[in-house]
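Please treat every number below as a calculation from the coordinates, not as lab data. This structure is a prediction, so every number in the text was calculated from the model and none was measured. Neighbour counts run over all protein chains shown; Cβ positions are idealised from the backbone, glycine included.
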Amino acid sequence: MRISELSKHSGVSTASIKFYLREGLLPAGKQTAPNQADYNDQHVRRLRLIRALIDVGGLSISVARATLATIDHESASAHDTFGAVMHGLDDIDPDDAAPDVARTYDEVREWISTRDWHVDPAAPAPFRLAELVATLRRFDFPIDLNYFDDVADAAEATAWGEVNYARTRPDRASAVEAMAIGTVVIGQAVNEIRRIALEAISFRIQNTGDDSPSVTP
């Protein structure tokens, strides 16, 4: 298909397609003339992935490019590739952390250890969690890592489902795509559910005076 047909099938404008081609996010089509190329269903699939990562997940072009490069790296194992996708979604510098963040980072790593979770020392998520907890404490939230035990239990249960689903995909590329989309989009969905719950609970307390949780926190 030509670029105009690719645009129609993918729902992505030709201008955006050309931009993604220039930025290296979308592989080039098969050249059929000096100013013309042919595209296929794999390009449609890649465009949908790009838009999910950027538009829904909020990834920058550079992070999306790195994530897609990981997906395309055929020699890595599934676990190493999944890890690279997770790590590619963020960039951290623990050595430059504020003192309270550094202390909290130690707490986070200890908490992870008590859960018997094996996480690469270079993984960015523990450091980001430390930054968030340290920020809450700066605003006098009475919080420690055990506060997140129930959240961690639920996350572990959903992670089993996500990883097992990804591993059942018919090929490696689609497996890693599933992990990337799951990480970015399901993470966003969980955050939106929490925002909905906050508004709902605020309304209930404001209008009924009922401040007792309907589930055990």
Of the chymotrypsin sites (Phe, Trp or Tyr not before Pro) in segment 111-154, which ones lie in a loop per DSSP and count no more than 16 other C-beta atoms within 10 Å?
-> TRP117, PHE139
Stokes-Einstein diffusion coefficient of the chain, Kirkwood radius over Cα pairs, 25 °C, 0.890 mPa s, in µm²/s = 122 µm²/s
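SER77 to ASN35: extension gain in nm, 0.36 nm per residue of separation minus the Cα-Cα distance? Provide the component values of the computation, followed by the final result.
Working: separation 42, 0.36 × 42 = 15.12 nm, distance 3.81 nm.
In short, 11.3 nm is gained.
Looking at the chain, do any whole DSSP H helices span at least 20 angstrom along their long axis by alpha carbon and average -1.0 or above on Kyte-Doolittle, and which?
Details: long enough: 99-114 (23 Å, -0.89); 124-138 (21 Å, 0.19); 149-167 (27 Å, -0.51); 187-208 (31 Å, -0.10).
Long hydrophobic helices here: 99-114, 124-138, 149-167, 187-208.
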Taking amide H positions as placed 1.01 Å from N in the peptide plane, with prolines and chain starts having none, which residues 5 or more places from ALA37, or on another chain, fall under 5 Å of its amide H?
-> ILE3, THR32
Based on a Kirkwood Rh over C-alpha pairs, give the Stokes-Einstein translational diffusion coefficient of segment 92-152 at 10 °C and viscosity 1.306 mPa s in µm²/s.
-> 134 µm²/s
